[in-house]
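Okay, so here's the structure we're looking at.
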């Protein structure tokens, strides 16, 4: 029945790509790959290790795993598949090696998945976080491709959806040779659908390396300011949150000279945010076109892709979005890694266990609404001692959680070496 519906819905999926292409032309590129058709010139070698990272976050997360695989198996080639154009672009930026191929994973339709498998002939497959597709798993199993799910997480909502189709879910998840979860809570939810062992390795997001180029970019961003103003960063914001953040900008205006940087989760939304700021008579600039941040500029819009870590290094205080409204929260760990104080909202179910622990240790500060965000941001921007204490606690928390990549590799090692 599932496969029947994939064929029925396939035309609508293509139409959805076309609609997205109106706002972001990148969605219109390489559409044949989403149906399993790859250009002949792309097949430069026979891929051995295949990693699927759906978008930007997963691409950055798998960076440490790619590095350890390349160091332990330098003769092996790697295929990285993504789903989003931004994920593909970032993958091309951070994986320049000639031994790494980057393409789109096809839709979960049998003919497309079969073409993908025939063309690339992967010997080992690694899925990142939550990418579980019935036909993909079934056909990999049929073709004797060991498939693992690593850095896995399963929210309450996702678990409820899987529970509606228990037979499909159990058969699908049991076919994975390894399931390695981020937290004990994730493992508990997966056990409902899996009879085999589940490993808890922690999150590989804590093992992400800071590129020197990002640090330098952050320093350069600071130098663009005519005066060294304290910087408040609103990172990975989602629709509806910017209005609340703008209230904070207006409040900060009354107590001091601050610069706010807003970096939406999807940079193409910057024009809409700019209009909201203009309605409140707030002077703005866009980072992509700013050679100098003017003295009168109150808000800098981060419309550049892949520079979020640089903004973390440039700022003094960070609010990590997707958490003021019920989106589930974005990754706050890489912000903690910079040693700057971090604020999160009440909705962090995407990182529930880590967020709960971080708040308990006062490694991050949680706010419940826009008013509390204003008060907490004001406190951290004006109280250097509290700013340093929270920032140091966040960095210590981040460092205490490192090591998941090594644990994950040790689980994968037998499947990697079996094909030598």
Response to the item:
In the set 328, 322, 339, the lone residue that is assigned by TED's automatic domain parsing to the domain that holds residue 245, over 19 Å from the mean Cα position of the chain (by Cα), more than 16 Å from residue 379 (Cβ to Cβ) and in a loop (DSSP other than H, G, I, E, B) is 339
Worksheet item: Could you count how many residues in region 68-80 are outside any strand (DSSP E or B) and in contact (Cβ under 8 Å) with a residue 40 or more places away in the chain?
Response: 5
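With 111, 190 as the choices, which residue is in contact (Cβ under 8 Å) with a residue 12 or more places away in the chain and within 26 Å of residue 29 (Cβ to Cβ)?
Values: 190 fails: within 26 Å of residue 29 (Cβ to Cβ).
Only one candidate passes the filter, namely 111.
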Item to complete: Please enumerate the residues belonging to region 94-136 that are part of a helix (DSSP H, G or I) and in contact with a strand residue (DSSP E or B) (Cβ under 6 Å, 6 or more places away or on another chain).
Response: 120
Item to complete: Test residue 241 against the stated conditions and say whether it is within 19 Å of the chain's Cα centre (by Cα), more than 24 Å from residue 323 (Cα to Cα) and touching a residue at least 60 places away in the same chain (Cβ under 8 Å).
Response: no
Discussion item. Please count how many residues of region 357-377 are surrounded by fewer than 16 Cβ atoms within 10 Å (Cβ to Cβ) and over 13 Å from residue 394 (Cα atoms).
Written reply: 4
Discussion item. Please go through region 225-247 and give me each residue that is at pLDDT below 90 and either in contact with a helix residue (DSSP H, G or I) (Cβ under 9 Å, 6 or more places away or on another chain) or outside the structural domain of residue 283 (by TED's automatic domain parsing) (or both), ordered by number.
Written reply: 228
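Given 219, 215, 250, 179, which one is modelled with pLDDT of 90 or more, in contact with a helix residue (DSSP H, G or I) (Cβ under 8 Å, 6 or more places away or on another chain) and either buried (at least 17 other Cβ atoms within 10 Å of the Cβ) or outside any strand (DSSP E or B) (or both)?
Details: 219 fails: modelled with pLDDT of 90 or more; 215 fails: modelled with pLDDT of 90 or more; 250 fails: in contact with a helix residue (DSSP H, G or I) (Cβ under 8 Å, 6 or more places away or on another chain).
Within the list 219, 215, 250, 179, the selection yields 179.
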Worksheet item: Just wondering, is there one or more residues in region 158-172 that are under 19 Å from residue 411 (Cβ atoms) and either in contact with a helix residue (DSSP H, G or I) (Cβ under 8 Å, 6 or more places away or on another chain) or touching a residue at least 60 places away in the same chain (Cβ under 8 Å) (or both)?
Response: no
Worksheet item: Can we say residue 281 is in a loop (DSSP other than H, G, I, E, B), free of Cβ contacts under 8 Å to residues at least 12 places away in the same chain and outside the structural domain of residue 20 (by TED's automatic domain parsing)?
Response: yes
Worksheet entry | Test set (1) under 24 Å from residue 371 (Cβ atoms); (2) in contact (Cβ under 8 Å) with a residue 24 or more places away in the chain; (3) surrounded by fewer than 21 Cβ atoms within 10 Å (Cβ to Cβ) - residue 339 fails condition number | (1)
Worksheet item: How about region 281-301: which of its residues are within 28 Å of residue 385 (Cα to Cα), modelled with pLDDT of 90 or more and either in contact with a strand residue (DSSP E or B) (Cβ under 6 Å, 6 or more places away or on another chain) or surrounded by 24 or more Cβ atoms within 10 Å (Cβ to Cβ) (or both)?
Response: 297, 299, 300
Item to complete: Scan region 27-52 residue by residue and report those that are modelled with pLDDT under 90 and surrounded by 15 or more Cβ atoms within 10 Å (Cβ to Cβ).
Response: 27, 47, 48
Worksheet item: If you take the residues of region 186-200 that are touching a strand residue (DSSP E or B) at 6+ places or on another chain (Cβ under 8 Å) and part of a helix (DSSP H, G or I), which of them is nearest to residue 163 (Cα to Cα)?
Response: 190
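Within the group 85, 32, which residue is free of Cβ contacts under 8 Å to residues at least 24 places away in the same chain and more than 26 Å from residue 417 (Cα to Cα)? Steps first, answer last, please.
Numbers: 85 fails: free of Cβ contacts under 8 Å to residues at least 24 places away in the same chain.
Going through 85, 32 in turn, just one is free of Cβ contacts under 8 Å to residues at least 24 places away in the same chain and more than 26 Å from residue 417 (Cα to Cα): 32.
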Practice prompt. Considering only region 351-420, give the helices (runs of 4 or more DSSP H) lying wholly within it that have at least 1 residues that are out of contact with any strand residue (DSSP E or B) (no Cβ under 7 Å at 6 or more places or on another chain) and farther than 23 Å from residue 176 by Cα.
Written response: 352-360, 370-382, 384-400
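Every residue, every condition in (1) more than 27 Å from residue 306 (Cα to Cα); (2) surrounded by fewer than 21 Cβ atoms within 10 Å (Cβ to Cβ), yes or no:
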residue: 118; (1), (2): yes, yes
residue: 123; (1), (2): yes, yes
residue: 131; (1), (2): no, yes
residue: 143; (1), (2): yes, yes
residue: 167; (1), (2): yes, yes
residue: 171; (1), (2): yes, yes
residue: 196; (1), (2): yes, yes
residue: 204; (1), (2): no, no
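Within region 81-93, does at least one residue satisfy the condition of being part of a loop (DSSP other than H, G, I, E, B) and either over 30 Å from residue 4 (Cα atoms) or more than 20 Å from the chain's Cα centre (by Cα) (or both)?
no
The values are calculated or read from the model by the stated rules, or taken from the named source; none is laboratory data. Everything numeric here is computed off the predicted structure, so don't read it as measured data. Cβ coordinates were reconstructed from backbone atoms using ideal geometry, including for glycine residues, and neighbour counts include every protein chain displayed.
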